[in-house]
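Below is one structure, written out as structure tokens, with a few remarks after it.
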Amino acid sequence: MNKNTLSLIIAAALAAASMNAAASGYRFGSQSVGAQGTADANGAEAADASTIFSNAAGLSRLQGTQVTGGLTVVVPHSTFADSGSKRFTGTSTGGLQTQGDYAPNAVAAPSFYLSHQLNNQWTVGMGMFVPYGTKIDYDNNWSGRYALTNIKLESITLNPSASFKLNEQHAFGFGISAEFMKAKLGQGVDVPGSVQALIASGASGAMAQQIAALGGNPAALRTAQDGHATMNGKDWGFGFNVGYLFSLDKDTRFGIAYRSSISHKLKGGATWDFSSVTADPVVNKVLQAASRKKNSPALVELRTPETLSVNAFHQFNDKWAGMADVTWTRHSRLKDLNIQFVDTGEGDEVIRQNWKNTWRVSLGANYKFDDKLTLRGGIAHDQAPVRSDELRHAALPDSDRNQLSLGLNYKLTPKSSIDLAYSYLAFKDGSTNYRNTCSPLMHNCTGNGELTKGTYQTHLQLLGVAYNHQF
């Protein structure tokens, strides 16, 4: 029965299959178009100012003042086929059994990086990128509507950074992250199931008498339709990043980078709409009062996952360079999410996630075609944090995926260039068998008690373009 719950959790939890770009969870996986061309294997390359995201120590390799501005467009394709979703009463939820258009046609995310060399040892910079994002819009009458009807998560991070070059071999980087998130979520409220349960138990008589006493028509109870709830919330959080770059020689480098978790207290409001449950306003008011759902503030506290990356770069000859990256993400910070309905006396809604830590492995290469054109390519495998079908929620139907990327850098002038990148991500089919352990008739918790059961199929494409300039 809870609605606000998801909006919060999403906004905070972070990650995204249907619409997430390349990384697991709600994490938007393309913060650099140049990196995208190698499937993000180039953390030790430090080719442009976007090294602020992958490894701030790479700033030490950039000369003068450099600017990189990019835009990544995500084109997803996702479908869902129901295989037995049920109400808390054990009856079918009904509604649409398939969904083929719940992902947007395309979504876009910008990035911007600036670096400035102060002297032979110090370089500073500023990054702006999208760390997390998702957008899902199911039909209001789909079979899993009691879990979710829509969700939109938007975020942006400002990341001032600096690097210190100790000598020709050792460089260090560090930065501060200021992260803003906002989210909006919608969910169905299982009023029909609640009415059916009351009638079956013989407890609907008192409600019918109350409706009649208020001038309403008790017969309208049998025509009850879904209610709806919406939630929005926002918050600023702060963290840090550190990096180290070791240059074995002029052609070989190794890097290690860490991004901290960020604590969020997502605050917003929950709105419950029973106005269209029946054609009788009196019945609607009685049903909402009986549900104990009232508009209120809502709160969820959580921490985003930290990441640790190890990468390498080697220039084989004048034409070819190879690179690799291994990134570990501590998704296990996200266990159960407790959504609090402030000052209502209602029990929390508990969203079971219990995510696992994940690994992402990528390999990439550059080929210098001539003095102006460099071609790029890369492959990657990324694990999903979802532990099992029983924990795959409609807000994040994530699964393991493989990525193939192609890209290029073309020099427009000696001081400017453009990056282009294309990626295709194929997701493993993701089955869900997620049950909400609460129900609308329980008083110590909030939830619809629904079972969402079916299979998600997803693939997506990424298109990136960026402009680089050195002053």
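The values are calculated or read from the model by the stated rules, or taken from the named source; none is laboratory data. Just so it is clear, the structure is predicted and the values come from calculations on it, not from any experiment. Don't worry about glycine lacking a Cβ; one is built from the backbone with ideal geometry, like all the others, and counts go over all protein chains shown. The protein model used for the area step is the full one, side chains on, heavy atoms only, and it has no ligands, DNA or RNA in it. Shrake-Rupley method; radii C 1.70, N 1.55, O 1.52, S 1.80 Å.
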Worksheet item: In whole angstrom, and with the biggest value first, how far do the Cα coordinates of segment 64-129 range along each principal axis?
Response: 70, 25, 12
Worksheet item: In segment 163-234, what percent of the accessible surface is made up of carbon and sulfur (1.4 Å probe, ligands and nucleic acids excluded)?
Response: 58 percent
Item to complete: Measure off 7 Å from each Cα along the Cα-to-Cβ vector at Gln97 and Leu412, then give the distance between these two points in nanometres to one decimal.
Response: 5.4 nm
Fill in: Taking only Cα atoms of segment 116-181, radius of gyration then Dmax in Å
20.6, 63
Fill in: Backbone N under 14 Å from the Asn295 label point (7 Å along Cα→Cβ), restricted to segment 242-280
269-275
Worksheet entry | Value of Rg/Rh across segment 386-465 [Cα atoms, Kirkwood radius] | 1.31
Fill in: Pairs from Lys86/Lys234; Lys234/Lys428; Lys165/Lys411; Lys135/Lys265; Lys356/Lys428; Lys135/Lys267 whose Cα-Cα separation, in the structure shown, is over 24 Å
Lys86/Lys234; Lys234/Lys428; Lys165/Lys411
Worksheet item: How about segment 305-408: which chymotrypsin sites (Phe, Trp or Tyr not before Pro) there lie in a loop by DSSP and see at most 13 other Cβ atoms within 10 Å?
Response: Phe316, Phe369
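Carbon and sulfur atoms: what percent of the 1.4 Å accessible area of segment 88-136 do they account for?
On the way: 1350 of 2310 Å².
Ligands and nucleic acids excluded, carbon and sulfur give 58 percent.
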Response to the item:
Computed about the Cα centre, the charge dipole of segment 356-432 from +1 Lys/Arg and -1 Asp/Glu charges at the Cβ has a magnitude in debye, to the nearest 20, of 300 debye
Practice prompt. Two decimals is fine: what is log10 I(q)/I(0) at q = 0.15, 0.26, 0.33 Å⁻¹ for segment 411-454, from a Debye sum with one equal scatterer on every Cα and no solvent?
Written response: -0.62, -0.91, -1.07
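Quick one: putting +1 on the C-beta of Lys and Arg, -1 on the C-beta of Asp and Glu, what dipole do you get for segment 228-321 around its Cα centre, in Debye to the nearest 20?
That gives segment 228-321 a dipole magnitude of about 380 debye.
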Worksheet entry | Charge dipole (segment 261-325, unit charges on Cβ, about Cα centre) - positive-most of Leu302, Thr271, Gln315 | Thr271
Worksheet item: So what is the accessible area of the chain per residue, in Å², with the probe set to 1.4 Å?
Response: 40 Å²
Worksheet entry | Shape parameters for the chain, alpha-carbon atoms, Rg then Dmax in Å | 25.1, 88
Worksheet item: Using the Cα atoms as the points, what is the convex hull volume per residue of segment 93-134 in Å³?
Response: 101 Å³
Item to complete: Work out Dmax and Rg for segment 172-212 from the C-alpha atoms and quote the Rg first, both in angstrom.
Response: 24.1, 74
Response to the item:
In terms of the charge dipole of segment 390-471, which places +1 on Lys and Arg and -1 on Asp and Glu at the beta carbon, the residue among His469, Leu406, Leu451 farthest towards the positive end is His469
Item to complete: Grab the beta carbon distance between Val310 and Ala219, set R0 = 60 Å, and tell me the FRET efficiency rounded to 0.05.
Response: 0.35
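Kirkwood Rh over alpha-carbon pairs of segment 343-433, then Stokes-Einstein at 10 °C and 1.306 mPa s: what D in µm² s⁻¹, rounded to an integer? List each step's numbers first, then the result.
On the way: Rh = 16.6 Å.
Rounded, D is 96 µm²/s.
Would you mind giving the average projected area, over all directions, of the Cα convex hull of segment 67-178 in nm² with one decimal?
10.5 nm²
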Item to complete: Would you work out what percent of the accessible area of segment 404-471, with all protein chains in place, is carbon or sulfur (probe 1.4 Å)?
Response: 62 percent
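Work out the length of the dipole vector of the chain about its Cα centre, built from +1 on the beta-carbon of each Lys and Arg and -1 on the beta-carbon of each Asp and Glu, and round it to the nearest 20 debye.
380 debye
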